[in-house]
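Asks: The structure follows.
The values are calculated or read from the model by the stated rules, or taken from the named source; none is laboratory data. Keep in mind it's a predicted model, so treat the numbers as computed, not measured. Note that each Cβ is placed from the backbone with ideal geometry, even for glycine, and that neighbours are counted across all protein chains shown. Side chains included, ligands, DNA and RNA excluded: accessible areas come from the protein's heavy atoms. Shrake-Rupley method; radii C 1.70, N 1.55, O 1.52, S 1.80 Å.
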Amino acid sequence: MAKVWVLDTETKGTGAHVVPLEQVLRREAPETKPLFVPPKRAPRPEPEPEPRPPLKFKVVDLMTEEVLLEDVGLAEAVNRLEEIRSVVDVRTYVWDQTAADWRLLTLGEQKALWELRGPSPAPSTSTR
């Protein structure tokens, strides 16, 4: 009876060699250990963001380029805006921490700030 030969690739080193099939079948299966899968880690809690410092405003007269207010809080800026005739008469800036510079408010932002003002006084109607 003819032997059946197979290529044995279990050799360590440079290559494989040809062995009889019976020799490969008689080998014991390598001992397998159970696979260990570590449990998933609990997610780290997000660090709490730094509290934002209060906004600082700068108000500049549009016509004269005179700085009316600088480095003031919201309440003081709104109080000063009550004395201004129109939102387009001044340029309002806010301090940008990341750029370390004053950022001009958009017209929409200026109008939102303008809306915080108290009720504007009624124009005086004096009849002479």
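Asks: For a quick check of your reading of the model, give me the residue pairs whose first member lies in the range 26-45 and is closer than 30 Å to Val6 by Cβ and among the acidic types (Asp, Glu), whose second is open to solvent by 100 Å² or more (accessible area, probe 1.4 Å) and in a loop (DSSP other than H, G, I, E, B), with beta-carbon atoms closer than 7 Å and at least 6 apart or on different chains.
Replies: From residues that are closer than 30 Å to Val6 by Cβ and among the acidic types (Asp, Glu), there are no pairs.
Asks: Still on this model: Got at least one residue in the range 33-54 being touching a Lys or Arg at 6+ places or on another chain (Cβ under 6 Å) and not aliphatic (A, V, I, L, M)? Before you say what the answer is, go through the steps one by one.
Replies: Of the range 33-54, the ones touching a Lys or Arg at 6+ places or on another chain (Cβ under 6 Å) are none.
Checked the range 33-54: no residue is touching a Lys or Arg at 6+ places or on another chain (Cβ under 6 Å) and not aliphatic (A, V, I, L, M).
Asks: Another question, then. With (1) open to solvent by 40 Å² or more (accessible area, probe 1.4 Å); (2) farther than 16 Å from Gly118 by Cβ; (3) of a type outside the set (S, T, N, Q) as the list, and Val94 as the residue in question, which single condition is left unmet?
Replies: (1)
Asks: Take Ala29 and tell me if it is open to solvent by less than 100 Å² (accessible area, probe 1.4 Å), among the aliphatic types (A, V, I, L, M) and at pLDDT 90 or above.
Replies: Judged against the criteria, Ala29 is not a match.
Asks: Quick check on the range 5-16: of everything there that is modelled with pLDDT of 80 or more and open to solvent by 80 Å² or more (accessible area, probe 1.4 Å), which residue is farthest from the chain's Cα centre (by Cα)?
Replies: Going through the qualifying residues, I end up with Trp5.
Asks: Do any helices (runs of 4 or more DSSP H) lying entirely in the range 20-126 carry at least 3 residues that are of a type in the set (Asp, Glu), and which ones are they? Steps first, please.
Replies: Working: elements: 21-26, 74-81, 107-115.
It comes to none.
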